[in-house]
Amino acid sequence: MSLGYAEKLSYREDVGTVGMSEIFDPPDVLERKIEELAMMIQKSKHLVAFTGAGISTSCGIPDFRGPKGVWTLQHEGKGVPEASLPFHRAMPSLTHMALVELEKAGILKFVISQNVDSLHLRSGIPREKLSELHGNSFREICLSCGAEYLRDFEVETIGMKETLRRCSNDKCGAKLVDTVLDWEDALPPKEMNPAEKHCKMADVVLCLGTSLQITPACNLPLKCIRGGGKLVIINLQSTPKDKKASLVIHGLVDKVIAGAMHLMNLQIPPFVRIDLVQLSLTQFPKNDRNVKWTLRVSSVHGRRASLPFLKSVEVSFSDRPYLKPAILLEQPFLLKRDTLKTRPFTMVLVLNFGEGCGCPSSRIEWPVDFQAPRNGFSHDKSLVCHKLRESSIQDSSCGMYAAIERRNLSEPKCEVTSYAIVTNILRYNCVLGSIVHKSNSIVTKRHSESTNGKKEIPKKLKES
């Protein structure tokens with residue numbers, strides 16, 4: 001979970017039992033239990049996963065009650081532990097991606113999460129098959145029309161407070177609120193009701209990396225028992241529900257799940273992180289010969305939103321060497337120039353990524369012709385990202401990009417293009433229970449756009 005989230009929570013003296021010692025099953029016992037777990041998963045008709053902070057510790061996010069957990073260290077007067085990565089760059093663990101494969105295989109029917117780190121959504125679990133009981137640090141909601149907005153930055157507030165943004169629905173425009181609960185906030189029915197429904201339907205509820213101490217969430221898995229279902233707990237510490245479980249496994253969640261997936265001959269899919277960026281070119285005619293223009297590199301979530309994955313932007317002009325290049329170091333990334341209106345040129349943008357990205361940069365070439373504006377287009381975002389994901393997996397390369405949409409605005413004239421960029425690729429090993437590959441290669445150019453407005457998609461994107 002987010003360290004920012006922990007610091008924003010209201011103070012509470014009683015946060016349950018913290019700092020309990022970790023328990024590891026002996027290797028032979030662990031192997032037998034993993035085999036039993038694989039059999040239970042294979043035979044299940046309605047498998048539900050119930051997850052806690054323990055499935056995200058391998059992502060660099062500290063838990064709360066472990067020996068080095070947030071509340072354990074605070075209880076000892078040591079303050080908040082440091083995460084190994086910026087929170088917004090945390091990526092799904094092997095367990096997160098195994099759940100994705102189980103869902104795609106039709107085995108896993110629903111996921112209930114107590115985490116606010118958004119990793120289940122990032123991994124690819126469909127929103128309609130996920131209850132985030134305590135909210136999501138990257139999700140905002142409109143209480144007026146119900147629209148949800150998933151961000152690439154951590155929302156500033158918790159406790160269902162108003163944020164800095166408004167609903168983008170033209171018929172609404174209401175202020176948005178965060179979705180993360182504070183201690184005294186009731187669990188939202190939209191998340192609680194389907195979670196309760198699926199636990200009652202479940203023949204197996206798989207509790208992963210949770211101490212099962214926070215009420216009322218911790219009582220949900222028990223509802224499967226009343227209908228004849230089985231409770232499985234995988235955690236490094238004992239829980240208050242262990243005696244009610246059919247199987248309790250004390251081991252690293254990633255290792256246990258990797259072993260079960262291996263026995264079931266199921267492959268864990270790689271994770272591909274795709275981030276979005278918006279390029280805007282606004283022109284202000286000066287006279288018949290010259291034009292003033294402004295380049296803006298910004299978030300698709302609005303001008304007031306940050307671009308957390310970008311460190312800097314380098315701008316150069318490959319066919320106009322006398323135009324001075326620029327390095328934009330601070331957000332908002334803006335470049336203002338005055339050039340001849342009659343001479344087209346190609347602007348080369350190198351987007352330098354920040355900490356936690358799998359490659360240093362991506363390079364985009366943007367043809368500019370002020371006398372022949374390019375046509376607008378709008379592609380299906382999901383389809384573009386799917387093709388981009390498949391191509392990046394095939395090439396094992398991050399830094400690839402594709403255009404999603406181009407809009408031409410008037411008064412002042414402005415061309416706005418949104419791009420999807422692959423910023424990480426992770427592969428997982430079922431036998432080792434770990435990440436075995438992190439792509440660091442750079443792809444400098446993955447599609448080009450000619451000055452007549454036609455977009456050329458690389459062959460591999462066309463065929464995927």
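The values are calculated or read from the model by the stated rules, or taken from the named source; none is laboratory data. These figures come from a predicted structure and were not determined experimentally. Cβ: placed from backbone, ideal geometry, glycine included. Neighbour counts: every protein chain shown. In case anyone asks, the SASA skips ligands and DNA or RNA and just uses the protein heavy atoms, side chains included. Shrake-Rupley method; radii C 1.70, N 1.55, O 1.52, S 1.80 Å.
Per-structure values
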quantity	calculated
Integer Hz, Karplus 6.51/-1.76/1.60 couplings in order for segment 111-116, x for Gly and Pro	10, 10, 10, 9, 8, 10
Neighbour net charge for Ala49 - beta-carbon separation under 11 angstrom, K R +1, D E -1	+1
FRET E, pair Glu162, Glu365, Förster distance 35 Å, beta-carbon r, rounded to 0.05	0.30
Rounded accessible area of Trp293 (nearest 10 Å², 1.4 Å probe)	0 Å²
In Hz, Karplus ³J(HN,Hα) per residue of segment 21-31 (6.51, -1.76, 1.60; θ = phi - 60°; x = Gly, Pro)	5, 7, 10, 10, 5, x, x, 5, 5, 4, 4
Extension gain (nm, one decimal) between Lys104 and Leu222, 0.36 nm per residue minus Cα-Cα	39.9 nm
Residues with amide H under 5 Å from that of Val300, placed H, sequence gap 5 or more	Gln278
Within the accessible area of segment 156-309 (1.4 Å probe), percent carbon and sulfur	49 percent
Accessible area expressed per residue, segment 360-422, with surrounding protein chains retained (probe 1.4 Å, Å²)	43 Å²
Restricting segment 95-165 to chymotrypsin sites (Phe, Trp or Tyr not before Pro) in coil, as DSSP defines it, with at most 16 other Cβ within 10 Å	Phe153
³J(HN,Hα) computed for each position of segment 184-190 - Karplus, 6.51 cos²θ - 1.76 cosθ + 1.60, integer Hz, glycine/proline x	8, 6, 6, 5, x, x, 4
Three-way shape label, segment 227-267, alpha-carbon gyration tensor, a/c 1.5	oblate
About the Cα centre, charge dipole magnitude for segment 213-274 (Lys/Arg +1, Asp/Glu -1 at Cβ), debye	240 debye
Using a Förster distance of 30 Å, the FRET efficiency for Leu340-Arg304 (Cβ separation, nearest 0.05)	0.35
Gyration tensor (alpha-carbon) shape descriptor, segment 182-238, a/c threshold 1.5	oblate
In segment 104-192, the GluC sites (Glu not before Pro) that fall in loop regions by DSSP, at most 15 other Cβ within 10 Å	Glu156, Glu184
Sites Leu409 and Glu128 - FRET efficiency at Förster radius 41 Å, r taken between beta-carbons, to 0.05	0.75
Loop GluC sites (Glu not before Pro), segment 327-375, which have at most 16 other Cβ atoms in a 10 Å radius of their Cβ (DSSP)	Glu330, Glu355
Gyration tensor verdict on segment 218-373 (Cα atoms; rounded if a/c is under 1.5, prolate if a/b is larger than b/c, oblate otherwise)	prolate
